[in-house]
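Before any comments, here is the structure.
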Amino acid sequence: MKKTLRELFESSKNYSFKWEKYFDVYDNYFRKYQGKKITFVEIGVFNGGSLSIWKEYFGPQSRIIGIDINPECKKFENDEFEIIIGNQSDPIFWDKFFNKVGKVDIILDDGGHTNLDQVITTTKCVEKINDSGLLIIEDTHTSYLNHYNSKNRYSFINFSKKIIDDVNYKFPFDDHKKKIFSLNDYIYSIHFYESIVIFEIDRTKTKENKLLNNDGVFHNIKDLSFQANQINIKRLKSLMQNTPFGKMNRLIKKFADFANNKKIKKFFD
Ligand SMILES: C[S@@+](CC[C@H](N)C(=O)[O-])C[C@H]1O[C@@H](n2cnc3c(N)ncnc32)[C@H](O)[C@@H]1O
């Protein structure tokens, strides 16, 4: 029987360390690539322990590449995996890397874990990942640790929250503007786990969304959306009898927004 990722980790010849909860998450996302001809990149080689795990997990057809800033790590290179020395927070490193290696399928970032490392890696790598591929940023709890110069507006977790907006800004009927820096032609979905953020890349699935109507019978049912959220409109209208219609509607909307926000504000603390 095939070994699980956890079992492979426990029996690895070289030292490695990973948080316990990561194994289930990785197994869930990586299983479909087992035995396939994929290129898998891990940033952070350290003692070389994880690279042999990945080779055994993905199988002989996989191309496994480790990246580390420490030139000493080159000594772990062998027939099963390549090791490339470089700094993940240097955009020029990534240009050279992809020129040499070409597009890849999965990138797992277990490198320096600073905001700079994680944000530059994401912005440089997403476009170079094949459709159906993944970018996984590990140890994102560092966004909350001063030790990693984080806990600030430019933390990686804050950057990921911006990418949530970016993905939603694809919605076609609204007046939002595309973010100045956008990856929403590449990122199809984002998944958050404790200490892990996963970006699923798929250009074919990020095309403009279309509203579809079927040929079913229309029963003339009134759409009562928003009714449940309304404030006492009759009372408000009587108070504003002499206000022009357009202005009155805008004011009613403002009051309703204010009252509704008050009800949910506590869930944002
Ligand atoms: C947590 S260890 C990697 C552990 C390994 N993935 C494992 O599971 O056994 C982090 C590694 O990232 C490397 N690293 C730190 N900052 C880096 C950077 N800016 N670019 C590339 N590698 C970096 C370190 O030299 C170190 O070897």
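Tell me whether the stretch 154-166 contains one or more residues that are within 12 Å of F199 (Cα to Cα) and touching a Ser or Thr at 6+ places or on another chain (Cβ under 7 Å).
no
Rundown of residues vs (1) more than 16 Å from the ligand (Cβ to nearest atom); (2) over 20 Å from I137 (Cβ atoms); (3) touching a His at 6+ places or on another chain (Cβ under 6 Å); (4) charged (D, E, K, R), yes/no style:
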{"site": "S11", "(1), (2), (3), (4)": "no, yes, no, no"}
{"site": "Y15", "(1), (2), (3), (4)": "no, yes, no, no"}
{"site": "K18", "(1), (2), (3), (4)": "no, no, no, yes"}
{"site": "V41", "(1), (2), (3), (4)": "no, no, no, no"}
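Test F93 against the criterion of being under 22 Å from F23 (Cα atoms) and within 14 Å of the ligand (Cβ to nearest atom), and give yes or no.
Answer is no for this residue.
Conditions (1) within 8 Å of the ligand (Cβ to nearest atom); (2) among the acidic types (D, E); (3) at pLDDT 95 or above, marked per residue:
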| residue | (1), (2), (3) |
| --- | --- |
| E77 | no, yes, yes |
| N87 | yes, no, yes |
| K100 | no, no, yes |
| I107 | no, no, yes |
| G111 | yes, no, yes |
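Quick one: A228 ticks every box in (1) within 30 Å of T142 (Cβ to Cβ); (2) of a type in the set (A, V, I, L, M, F, W, C); (3) exposed (fewer than 10 other Cβ atoms within 10 Å of the Cβ) bar one, so which box is it?
So the condition that A228 fails would be (1).
For the stretch 42-75, enumerate the residues that are at pLDDT below 95 and of a type in the set (S, T, N, Q).
Answer for the stretch 42-75, where residues must be at pLDDT below 95 and of a type in the set (S, T, N, Q): N47, S50, S52.
In the stretch 19-53, which residues are buried (at least 17 other Cβ atoms within 10 Å of the Cβ) and under 20 Å from Q88 (Cα atoms)?
Residues satisfying the conditions are T39, F40, V41, E42, I43, G44, V45, F46, G48, G49, S50, L51.
What residue, among those in the stretch 72-101 that are of a type in the set (D, E, K, R) and either part of a loop (DSSP other than H, G, I, E, B) or more than 18 Å from S50 (Cα to Cα) (or both), is least open to solvent (accessible area, probe 1.4 Å)?
D90
Is it fair to say K96 is more than 22 Å from I196 (Cα to Cα) and assigned by TED's automatic domain parsing to the domain that holds N184?
Yes: the conditions hold for K96.
Could you tell me whether any residue of the stretch 27-39 is within 11 Å of the ligand (Cβ to nearest atom) and in the same structural domain as D131 (by TED's automatic domain parsing)?
No, because not a single residue in the stretch 27-39 is within 11 Å of the ligand (Cβ to nearest atom) and in the same structural domain as D131 (by TED's automatic domain parsing).
So, in the stretch 43-75, of the ones that are out of contact with any Lys or Arg (no Cβ under 9 Å at 6 or more places or on another chain) and small (G, A, S), which residue ends up farthest from the ligand (Cβ to nearest atom)?
G66
Could you check the stretch 120-170 and list, in sequence order, the residues that are closer than 11 Å to Y186 by Cα and among the small types (G, A, S)?
Once the filter is applied, which keeps residues that are closer than 11 Å to Y186 by Cα and among the small types (G, A, S), the stretch 120-170 yields S132, G133.
The values are calculated or read from the model by the stated rules, or taken from the named source; none is laboratory data. Not measured: the values here are computed from a predicted model. Heads up, the Cβs are rebuilt from the backbone with ideal geometry, glycines too, and the neighbour counts pull from every protein chain shown. These accessible areas exclude ligands, DNA and RNA; they are computed on the full protein's heavy atoms, side chains included. Shrake-Rupley method; radii C 1.70, N 1.55, O 1.52, S 1.80 Å.
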